[in-house]
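Take a look at the structure below.
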Amino acid sequence: MEIKGAITAIVTPFRDGRFDERAYEGLIDWQIKEGIHGLVPCGTTGESSTLDYDEHFRVIEVAVKAVNKRVPVIAGTGSNSTDETIEITRKAKQLGADAALIVTPYYNKPTQEGLFRHYKAVAEAVDIPIVLYNVPGRTSVNMLPSTVARLAEIENVVAIKEATGDMKQVSEIIRLCGNRIVLLSGDDFTTLTLLALGGKGVISVGANIAPKDYADLCNSWESGDINRARQLHYKLEPLNASMFIETNPIPAKTALALMGKIAEEFRMPLCEMSKANKDKLEGVLKASGII
């Protein structure tokens with residue numbers, strides 16, 4: 001399956017402290033009917049860092065079964081331990097994931113050589129397409145374009161989710177790697193700019209709320225309807241901003257609860273939004289015609 005277009009980093013719904021499988025299946029079916037191009041279970045937006053192993057694997061398993069090969073399932077499998085990343089990635093493949101999204105190891109701050117060796121070890125251990133994930137704001141380490149270029153030489157390293165927001169860095173990755181790697185935006189607000197530079201899509205938070213618009217933006221760009229893509233970019237800007245007025249995925253899950261799709265429940269240490277921010281979010285959703 002081709003990895004491109006609007007791909008939702010889907011939330012993990014909870015009810016009474018447990019993974020809400022029925023709500024999750026409903027979200028997935030709705031996402032696909034709205035035209036989304038792929039799904040990422042167990043990413044940052046899926047609160048993967050607070051799922052235990054059994055939950056993590058069950059979320060991937062439910063996603064694979066619910067999607068039923070209609071779009072790619074790119075399972076989040078990254079950890080700050082290389083051995084643990086290999087273990088989770090191997091299990092994701094066994095469960096039927098089409099690819100693995102692997103974040104740069106967080107907290108231990110590896111060097112560029114350490115990053116290269118980490119991804120190389122995973123790629124050699126598990127025969128699955130790998131999407132690199134660079135998000136310095138979460139991990140305190142920035143994977144440089146030169147390191148991405150080295151990794152792009154590895155056959156099953158197929159894409160990168162670039163969440164620095166730095167278009168100079170994006171440009172350098174594309175210049176160094178060419179067609180050897182698919183570049184995806186990791187920040188919704190940079191999607192159109194990244195497409196213009198030669199990227200192929202976005203792994204999106206906002207697509208949890210408005211999957212059709214994010215898919216249409218990518219479709220419009222690919223078909224050459226630049227004006228329509230630009231219109232959707234500006235239409236989505238208030239929603240993009242609202243998804244980060246508090247820590248992701250608090251606003252996304254709150255919005256989905258306001259839409260009646262999931263319970264408004266988080267896994268500690270995340271908690272409900274402040275009333276002031278929830279009012280702001282509700283205002284954006286109403287102005288956008290979402291609720």
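Read-outs: derived from the displayed coordinates by stated rules, not from any lab. Note that the structure is predicted; figures quoted are calculated from it, not measured. Using ideal geometry, Cβ is built from the backbone for each residue, glycine included, and neighbour counts are taken over all protein chains shown.
For the stretch 74-167, chymotrypsin sites (Phe, Trp or Tyr not before Pro) are listed when DSSP marks them as loop and at most 14 other Cβ atoms sit within 10 Å of their Cβ; the list is Tyr107.
For the chain, the Kirkwood estimate of hydrodynamic radius, built from reciprocal distances between every pair of different alpha carbons, is 18.8 Å. Residues whose amide H lies under 5 Å from that of Ala6, counting only those 5 or more places away or on a different chain, are His37, Val202; hydrogens are built 1.01 Å from N in the peptide plane.
Per residue, the average separation of C-alpha pairs within less than 8 Å and at least 6 apart gives the chain a relative contact order of 19 percent. Cross-link partners of Lys65 among aspartates and glutamates, defined as those whose alpha carbon lies under 14 angstrom from its own and excluding same-chain residues fewer than eight positions apart: Glu21, Glu25, Asp29, Asp98. Take every pair of alpha-carbon atoms less than 8 Å apart whose residues are at least six positions apart; their mean separation over the length of the stretch 178-291 yields a relative contact order of 19 percent.
Residues of the stretch 1-42 with backbone nitrogen within less than 15 Å of a virtual label 7 Å along the Cα-to-Cβ line of Met268, please, listed as ranges. Backbone N within reach: 16-18. Here the simple spin-label model places points 7 Å from the Cα toward Cβ, and for Arg180 and Asp16 these points are separated by 5.3 nm. Pick from Asn156, Asn248, Asn179: which is most flexible by mean-square fluctuation in a GNM of the chain where alpha carbon atoms under 10 Å apart are linked? It is Asn179. Considering only beta bridges that DSSP places wholly inside the stretch 5-226, some 5 percent are antiparallel. Could you check which residue among Gln169, Gln31, Gln231 shows the biggest mean-square fluctuation in a GNM of the chain with a 10 Å Cα cutoff? Among Gln169, Gln31, Gln231, the largest mean-square fluctuation in the Gaussian network model of the chain belongs to Gln231.
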